[in-house]
1. Please work out if residue 175 is modelled with pLDDT of 95 or more and in a loop (DSSP other than H, G, I, E, B).
2. Among the candidates 104, 146, single out the residue that is within 16 Å of the ligand (Cβ to nearest atom), farther than 26 Å from residue 57 by Cβ and among the hydroxyl-bearing types (Ser, Thr, Tyr).
3. For the stretch 89-105, what are the residues that are assigned to a loop (DSSP other than H, G, I, E, B) and either free of Cβ contacts under 8 Å to residues at least 24 places away in the same chain or under 15 Å from the mean Cα position of the chain (by Cα) (or both)?
4. Residues to consider are 59, 108; find the one that is in a loop (DSSP other than H, G, I, E, B) and open to solvent by 20 Å² or more (accessible area, probe 1.4 Å).
5. If a residue has to be within 23 Å of the chain's Cα centre (by Cα) and farther than 20 Å from residue 164 by Cβ to count, how many in the stretch 8-48 make the cut?
6. List pairs: first residue in the stretch 106-129 and under 22 Å from residue 84 (Cα atoms) and of a type in the set (Val, Ile, Thr), second residue open to solvent by 20 Å² or more (accessible area, probe 1.4 Å) and assigned to a helix (DSSP H, G or I) anywhere in the structure, Cβ distance under 8 angstrom, at least six positions apart or on different chains.
7. Pick from 90, 79, 74, 5: which is surrounded by 17 or more Cβ atoms within 10 Å (Cβ to Cβ), among the small types (Gly, Ala, Ser) and closer than 20 Å to residue 153 by Cβ?
8. Within the stretch 144-158, which residues are open to solvent by 40 Å² or more (accessible area, probe 1.4 Å) and outside any loop (DSSP other than H, G, I, E, B)?
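The values are calculated or read from the model by the stated rules, or taken from the named source; none is laboratory data. Quick caveat: nothing in here was measured; it's all calculated off a predicted structure. For neighbour counting, all protein chains shown are included, and Cβ atoms are generated from backbone atoms with ideal geometry for every residue, glycine included. To get the accessible areas, we keep the full protein, side chains included, count just its heavy atoms, and leave off ligands, DNA and RNA. Shrake-Rupley method; radii C 1.70, N 1.55, O 1.52, S 1.80 Å.
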Amino acid sequence: MYRLAHVTDPHFRGYAGLSLGALAGKRAIGFLNLAFNRRRHHKLELLAALGEDLRAQAVDHLALTGDLSNISLAGEWRAALQWIERHAGAPDAVTVIPGNHDAYVAEVVRAGAFEKIFGSYQSRDLEIDGVADAPGTASGDPRSAYPFVRLRGPLALIGVNSCVATGDLGAWGEVGAAQLQRLESVLARVEVARCVRVVLVHHPPVLHKGGEHRNLRDRAALTAVLARAGADLVLHGHDHRDESAVLDGPWGRGIAVIGAGSASYAGAPERRSRYNIYEIGDGAITLVTRAHVEAKDRFEEVRRTKIA
Ligand SMILES: [Fe+2]
């Protein structure tokens with residue numbers, strides 16, 4: 001039995017190195033939203049408690065699907081890194097992809113700042129179309145180094161980057177034609193196809209919530225790639241609530257698409273701070289959700305369901 005944990009949208013806070021000059025444009029608006037709104041809804045205490053619970057579960061691997069920050073500050077990412085090091089273990093046992101909040105500012109995205117900090121959590125086991133470097137070490141556009149593949153136990157973890165500096169206040173995403181092409185070719189590779197293929201992507205590849213200013217623009221193209229090439233599981237975040245869907249895969253096989261709620265959300269029980277664990281073995285996958293139960297101030301298993 002291999003156990004894969006999925007944590008998403010923690011939205012860490014940390015202001016080290018923040019200068020007034022950095023707070024321009026979209027970041028200034030994001031900072032105000034953080035100061036007046038997000039602070040109340042996302043609690044760092046819950047992240048600490050979730051981390052303790054995760055550590056006690058002693059899973060084999062953790063996948064973090066983005067929105068580690070709020071406004072793409074180095075201080076926020078360093079807080080995330082400390083949490084990972086404390087609760088989730090070595091880079092070999094943790095895979096990290098960015099969310100839209102980690103791509104808040106175009107210069108930061110172009111500089112590959114996220115990939116430089118989390119590079120060791122994105123190391124790749126396969127060269128894809130001539131790209132052998134992890135996103136953080138690739139020269140040129142960091143996006144050209146996605147997707148990356150990590151082979152762990154029975155799994156092939158495929159990290160996709162759906163996040164672009166939108167240039168507007170939108171939270172929409174785009175995988176892009178070039179990355180989709182690489183994704184399709186890697187899903188078909190024999191070293192990958194013989195594994196349980198787990199695709200990690202921040203934005204849901206299916207429509208759950210309206211408002212195209214916040215959705216994945218090329219989700220139809222992504223689902224078409226998955227329909228042709230196949231995958232066993234697609235894990236995403238972004239919507240801050242548990243979600244599930246089934247996509248058409250090749251030969252009539254469905255592909256489970258599971259979204260997890262935010263790891264730091266302090267609101268109602270059904271969305272409150274949570275994460276998922278996938279128990280994978282003997283051809284079956286069981287989804288276990290552990291969530292913070294406010295009345296008891298601890299994490300408990302709140303769902304167990306067989307998904308494959
Ligand atoms: Fe997001």
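1. On the way: modelled with pLDDT of 95 or more: yes; in a loop (DSSP other than H, G, I, E, B): yes.
Criteria met by residue 175.
2. Values: 146 fails: within 16 Å of the ligand (Cβ to nearest atom).
Matching residue, one of 104, 146: 104.
3. From the stretch 89-105, those assigned to a loop (DSSP other than H, G, I, E, B) are 89-90, 98-99, 104-105; that's our starting set.
Hits for the stretch 89-105 are 90, 98, 99.
4. On the way: 108 fails: in a loop (DSSP other than H, G, I, E, B).
Result of the check over 59, 108: 59.
5. Here is the first cut: in the stretch 8-48, the ones within 23 Å of the chain's Cα centre (by Cα) are 8-15, 26-27, 30-31, 33-34, 37-48.
Filter again for farther than 20 Å from residue 164 by Cβ, leaving 10, 12-15, 31, 34, 37-48.
Residues that pass the stated criteria total 19.
6. The qualifying pairs are 117/74; 117/78; 117/81.
7. Numbers: 90 fails: surrounded by 17 or more Cβ atoms within 10 Å (Cβ to Cβ); 79 fails: closer than 20 Å to residue 153 by Cβ; 74 fails: closer than 20 Å to residue 153 by Cβ.
It is 5.
8. Let us first name the residues in the stretch 144-158 that are open to solvent by 40 Å² or more (accessible area, probe 1.4 Å), namely 144, 151, 153-154.
Hits for the stretch 144-158 are 144, 151.
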